[in-house]
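For reference, the structure is listed below as structure tokens.
Read-outs throughout are calculated quantities, based only on the coordinates presented, and are distinct from any laboratory measurement. Quick caveat: nothing in here was measured; it's all calculated off a predicted structure. In this analysis, Cβ positions are derived from the backbone assuming ideal geometry, glycine residues included, and neighbour counts consider all displayed protein chains.
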Amino acid sequence: MTRFFPLRVWSAIFAAAALLIVVLPLLHLAVPPGHPLHVSSFWITLLGKFMCYAVVALAMDLIWGYTGILSLGQGLFFALGGYAFGMYLMRQIGRDGVYKSDLPDFMVFLDWKELPWYWAGADSLTWTLFLVVAAPGLLAFVFGFFAFRSRIKGVYFSIITQALTFAAMLAFFRNDMGFGGNNGFTDFKRIAGLPITSPEMRTALYVLSGLYLLAALVVARWVVTSKLGRVLTAIRDQESRLMFLGYRTLYFKLFVWTLAAVMSGIAGALYVPQVGIINPSEMSPANSIEIAIWAAVGGRGTLFGPILGAFAVNGAKSWFTVAYPEYWLYFLGLLFVLVTLLLPRGLMGLAEKLRTRRGEPAAEARELRLRAVKP
Amino acid sequence: MSDRPVIHGLGGPAGAGYGHPVDPDRVDTSHGPILYLDDITVSFDGFKALNKLSLVIDRGELRCIIGPNGAGKTTMMDVITGKTRPDEGTAFFGQTFDLTRLPETEIARLGIGRKFQKPTVFENHTVFENLELAMKTDKRVKPTLLARLSGAQRDLIARTLKTIRLEGAEDRLAGALSHGQKQWLEIGMLLVQEPELILLDEPVAGMTDAETAHTAELILELEGTHSIVVVEHDMDFVGQIARKVTVLHEGSVLAEGGMQQVQANERVIEVYLGR
């Protein structure tokens, strides 16, 4: 255990996890509404959403912070995981849709008579869970293989990923793709036969998201503290040197790129039943850029930073889009500029700076940032 | 099995008793030199960087290559390491590996280690991690993810740290080392790869006199156990380590022989040593 994190960090992780995954759900379920300690479903849904975002930020940190590959299409993998699970949710509606048909409403509306072949497995939860992993994973693997093999790097890679998610968005907007066009999927009723809007189900999804975030953190930490993690940072700093040492960096990049896509896809699958809708706007280029901003604001190459960044930026977004909806994008842009100029290492860098100023040794923070527990 | 036994890579028949076990992953020097370049020509936009260059390095040899700027020294290194493909000529590593065909990473894996002119260590990694990354191991993804250092590997790193005078500095970030120390770390990164052939491109460029002297000691320590090719401008340094010197000029070999022999060669004096 201490191979991954120092004991103090483990305690902090467990404290945060206990609060998020145990205390809040209990206050939601066990304390009656109206009581001052009651946590409303609004907060459970909001934080559940944030935890899904946090996993995507974590995935972003693996590929951008550690490996130096700036993906501006990470939202695509998130959305694909979401769509894969959304198909199952659509089938779970059964005959309770507006048209009382066996087919999902949008298909009735399009006058389709039967399910397209790629919807065949959507009734099965097992198949759906497989698809949640396989769809983003396969796309990332194939796309990554060709992109990395052609040695596409830096800003070119960012632009291509951006184009990829944009193209996917346009495709999903089309009604005849069979994914509900611009309305996407919504009006979900059940998961595994149980009502989706019940407090118990909501709490279960929330707790699952929390556990998933915790697991993703440990897996990411395991990856970056392994020798492979040191190879990834070496790819970021000096890729050609590493190739010269005999590492076929293509496969290392492909590994971390696919891992990040799968992590994001699963997060998307947990996200969709909590927010109750998935549509092509999740694939919009702006969404993917926001993911990069979460990571940058929190502090790249720290794992904790991007999680923090996802919570902080989305917290600000939730407040801002209610208070000053028209100014949110300006604020986001400003935030990005300021962080880049003043806090190149994000909130984590700021915290470290404050600690050193207070005279505490920076050693541990450094340990967390980069290191690789000494093998 | 075919009834005509075939020696790997040669495609010719092998008579009974003349065969020897050939490991397809090891360089085969049982019948000749470790490096064999013949009639290599490389041109860039009509300019011949290498012009019918021929060079033979024996196993265990320490060879210095000198020559004025633009003589083709670096291009020659690029051909040997697969970075540049020659337009003509043959380049063999041992008897079996055709350097004009193999990809760069494969050549590195087979045991040609190169130290670049400019030190390119991983600055955000510690000295220890630099050596760990460079070490000769299975460098595919899964073994790397699950890698743990064995006792023998730790010993190798400890020995190397001693050779390159960085004992006690293993936890320092490589970016914080002095220029000379970075050069040594580079050499250390070559040594842990246990290469068959070491190419050193200007190993003492920018070093202090003391650092240069130590580098000479270090290289002489390696002589015999390793085959080494040193490209260098610094004639004092070459004088300290040279056994056999090859002088390049305009992409081909101008002279070859002992240091004094070469220094006495009139054409060499004319084009390079001057006066």
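Brief remarks on what is shown
- Length added when fully stretched, A:Val275-A:Val9, from 0.36 nm per residue minus Cα-Cα: 92.6 nm
- The tail of the calculated P(r) for chain A beyond 32 Å holds 35 percent of all Cα-Cα pairs.
- Only Lys, Arg, Asp and Glu carry charge here, each on its Cβ (+1 for the first two, -1 for the last two); on that basis the protein assembly as shown has a dipole of about 1860 debye about its Cα centre.
- Inter-centroid distance (Cα atoms) of segment A:38-104 relative to segment B:175-212, Å: 51
- Global geometry of segment B:78-222, whether rounded, prolate or oblate, following the gyration tensor of its Cα atoms and the 1.5 cut on a/c: oblate
- Of A:Pro195, A:Pro32, A:Pro136, the one that fluctuates the most in a GNM where chain A has Cα springs shorter than 10 Å: A:Pro32
- Helix axis angle, A:154-173 relative to chain A longest principal axis, alpha carbon, degrees: 10
- Debye intensity ratio in log₁₀ form over the Cα atoms of segment B:36-161, taken at each q of 0.13, 0.20, 0.23 Å⁻¹: -0.69, -1.20, -1.38
- Each Lys and Arg adds +1 at its Cβ and each Asp and Glu adds -1 at its Cβ; summed about the Cα centre, chain A shows a dipole of about 1600 debye.
- Calculated [θ] (222 nm, deg cm²/dmol) that DSSP helices of n ≥ 4 give over chain B, each run adding -39,500 (n - 2.57): -8500 deg cm²/dmol
- Nearby aspartates and glutamates by direct alpha-carbon distance to B:Lys52 (threshold 20 angstrom, same-chain neighbours under 8 apart not counted): B:Asp38, B:Asp39, B:Asp78, B:Asp87, B:Glu88, B:Asp98, B:Glu250, B:Glu256
- Dipole of segment A:1-130 computed with +1 at Lys/Arg Cβ and -1 at Asp/Glu Cβ about the Cα centre; of A:Ala84, A:Val22, A:Leu103, farthest Cα towards the positive end is A:Val22.
- For segment B:39-152, the dipole from Cβ point charges (+1 on Lys and Arg, -1 on Asp and Glu) about the Cα centre works out to 240 debye, to the nearest 20.
- Between B:Asp58 and A:Ser101, the modelled labels are 8.7 nm apart [label points 7 Å from Cα along Cα→Cβ].
- Considering every alpha-carbon pair of segment A:153-298, the percent of pairs per 5 Å bin, from zero through the bin containing the longest distance, is 2, 8, 12, 16, 17, 16, 13, 8, 5, 3, 1, 0.
- Using the Cβ-Cβ distance between A:Trp328 and B:Asp155 with R0 = 51 Å, the FRET efficiency computed as 1/(1 + (r/R0)^6) comes to roughly 0.30.
- Efficiency of FRET between A:Lys189 and A:Leu338 - r from beta-carbon atoms, R0 45 angstrom, step 0.05: 0.55
- Cα-based reach from B:Lys118 at 19 Å (exclusive), listing lysines while leaving out same-chain residues under 8 positions away: B:Lys73, B:Lys83, B:Lys182
- Inter-site label distance for B:Thr90 and A:Arg151 at 7 Å from Cα along Cβ, in nm: 2.9
- Debye log10 I(q)/I(0) at q = 0.05, 0.11 Å⁻¹ for the protein assembly as shown, Cα point scatterers: -0.33, -1.09
- For A:Ala147, neighbours were defined as the other residues whose beta-carbon sits under 12 Å from its Cβ, and their charges (Lys and Arg +1, Asp and Glu -1) total +4.
- Partner lysines whose Cα lies under 18 Å from the Cα of A:Lys317, excluding those fewer than 8 positions away in the same chain, are identified as A:Lys49.
- Springs join every pair of Cα atoms under 10 Å in this Gaussian network model of chain A, and among A:Ser284, A:Ser150, A:Ser264 the largest mean-square fluctuation is at A:Ser150.
- For chain A, calculated [θ]222 nm from helices alone, where every DSSP H run of n ≥ 4 adds -39500 (n - 2.57): -22000 deg cm²/dmol
- Cα gyration tensor, segment B:179-231 - rounded (a/c under 1.5), prolate or oblate: prolate
- For the pair segment B:69-91 / segment A:265-287, the C-alpha centres are spaced 53 Å from each other.
- Gaussian network model of chain B, Cα within-10 Å springs - most flexible of B:Gly188, B:Gly251, B:Gly89: B:Gly89
- Projected area averaged over orientations for segment A:73-231, convex hull of C-alpha atoms, nm²: 11.4
- Working from label points 7 Å from Cα in the Cα-to-Cβ sense, the A:Trp319 to B:His179 distance is 5.2 nm.
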